[in-house]
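Peer 1: Here's a structure for you.
The values are calculated or read from the model by the stated rules, or taken from the named source; none is laboratory data. Bear in mind that the values here come from a model prediction, so they are computed numbers and not experimental data. As a convention, Cβ positions derive from the backbone with ideal geometry for all residues, glycine included, and neighbour counts pool all protein chains shown.
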Amino acid sequence: MNLRPSPPLPWVVRRRRRVRWIQRLLFITGTVLLGYVGITLLDARAYQAFAKHSLETEIQSLKVTDPNQVRPPVNPGEVLGRIDIPRLGMSFAVLQGTSWRTLRLGAGHVQGTPLPGEPGNSGIAGHRDTFFRDLRKIREHDEIQLQTATALLHYEVDWTKVVQPDDVSVLAPSSDSALTLVTCYPFYFVGPASQRFIVHAHRV
């Protein structure tokens, strides 16, 4: 009696091959995506170190030459300052503008709003999954420090709230010097977030 198993049917063979190819494709895609994310994060971290060093160098240079010197305008993509939130241990460079590349490397000053320290409401935007991740833990009365090349500014958090993406009232002009941080919400949502998380603070 012949006990050898019969060969699989042709359609079964084709299905197995197709499954193997799909598995390989998914593995390669996953590897490429993880590699891209890793390289992006390393690039951002390296740029943050460079940006902070560049800011400190400019601060020292202005102290040596002329403490009262007015800083020249900051072009899009250039380092504007550094934000520190001591209670949360947050520290990151702020760049001018909110282009895709700018927000990949740091937080970005919303063009059209006053520069930090000037009268009015300065807007700073950042990604919820990188530099602004820990904003979810911020509280009323927390201190926010913003170091520019010419001054160290201190702010105190007034409130936080969640708004719709088209609600631009959070960046409305102010007679006082204020700071508004904007990021996407929910923080752990996969895909494009449907809302915005807002932190508003006043200068002290």
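Peer 1: From (1) closer than 24 Å to Gln96 by Cα; (2) free of Cβ contacts under 8 Å to residues at least 40 places away in the same chain, pick out the condition that doesn't hold for Gly191.
Peer 2: Only one criterion is unmet by Gly191, namely (1).
Peer 1: Within the range 138-160, how many residues are surrounded by 13 or more Cβ atoms within 10 Å (Cβ to Cβ) and either without any contact (Cβ under 8 Å) to a residue 24 or more places away in the chain or under 20 Å from the mean Cα position of the chain (by Cα) (or both)?
Peer 2: Total satisfying the criteria: 12.
Peer 1: From the list Gln164, Gln111, which one is touching a Gly at 6+ places or on another chain (Cβ under 7 Å) and surrounded by fewer than 18 Cβ atoms within 10 Å (Cβ to Cβ)?
Peer 2: Sole residue among the options that is touching a Gly at 6+ places or on another chain (Cβ under 7 Å) and surrounded by fewer than 18 Cβ atoms within 10 Å (Cβ to Cβ): Gln111.
Peer 1: Here's another thing I want to ask about it. With the range 114-204 as the region, which strands (runs of 3 or more DSSP E) entirely inside it contain at least 3 residues that are under 28 Å from Gln60 (Cα atoms), touching a helix residue (DSSP H, G or I) at 6+ places or on another chain (Cβ under 7 Å) and modelled with pLDDT under 90?
Peer 2: By residue number, no strands (runs of 3 or more DSSP E) qualify.
Peer 1: Of (1) modelled with pLDDT of 95 or more; (2) outside any loop (DSSP other than H, G, I, E, B), Arg101 satisfies all except one. Which?
Peer 2: (1)
For every residue, the table says whether it meets (1) small (Gly, Ala, Ser); (2) at pLDDT below 80; (3) closer than 18 Å to Gly117 by Cβ.
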residue	(1), (2), (3)
Ser54	yes, no, no
Gln69	no, yes, yes
Pro72	no, yes, yes
Leu80	no, no, yes
Pro86	no, no, no
Ser91	yes, no, no
Leu95	no, no, yes
